[in-house]
Amino acid sequence: MNALLTVLHVFVAVGLIALVLIQHGKGADAGAAFGSGASATVFGSQGSATFLSRVTAGLAALFFITSLTLAYMAGSREAPTSVTERVAPVEQEAPVSAPVQGGSDVPSLPAGAGETAGGDAPPVSAPPAQPAEAPAGQN
């Protein structure tokens, strides 16, 4: 039903465009006075305006009806149409890190302590050197 209504909607739209382009505007009468005398000979001098305007109004009404019907049908649809919408989203949990085997004497840094602006690890400094003991009696 939805596909049939969409095809009808497209045909009505194309027909409406064609009818509007066929009609001549009010400015065409001034052009006919300057040498283009064949502007009103297809449907007669007055008959084209009423016939084409009535057909255009009918197609415009049909276009509005099909537009509103398609909008109503699209808005009232409850069931998912895609396979991805039918599958429930899976919640992923954060991975749990395994405890270190055997332990370590090295303390861990607090979060963010090892980060620098360049992304490099901070330089490792050597422990302070112990001053050499002076021999006894030389103070």
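The values are calculated or read from the model by the stated rules, or taken from the named source; none is laboratory data. The model shown is predicted, which means the values in this text are computed figures rather than measured ones. Counting neighbours? That spans all protein chains shown, and the Cβs are built from the backbone with ideal geometry, glycine included.
Ala28: under 47 Å from the mean Cα position of the chain (by Cα), surrounded by 11 or more Cβ atoms within 10 Å (Cβ to Cβ) and at pLDDT below 85, yes or no?
Yes: the conditions hold for Ala28.
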**Study point:** Contacts under 9 angstrom Cβ, first residue in the stretch 81-95 being free of Cβ contacts under 8 Å to residues at least 24 places away in the same chain, partner surrounded by 10 or more Cβ atoms within 10 Å (Cβ to Cβ) and assigned to a loop (DSSP other than H, G, I, E, B), 6 or more apart
**Key:** Arg86/Pro80
Check your understanding: Restricting attention to the stretch 55-76, does a residue exist that is over 21 Å from Ile17 (Cα atoms), at pLDDT 70 or above and outside any helix (DSSP H, G or I)?
Key -> yes
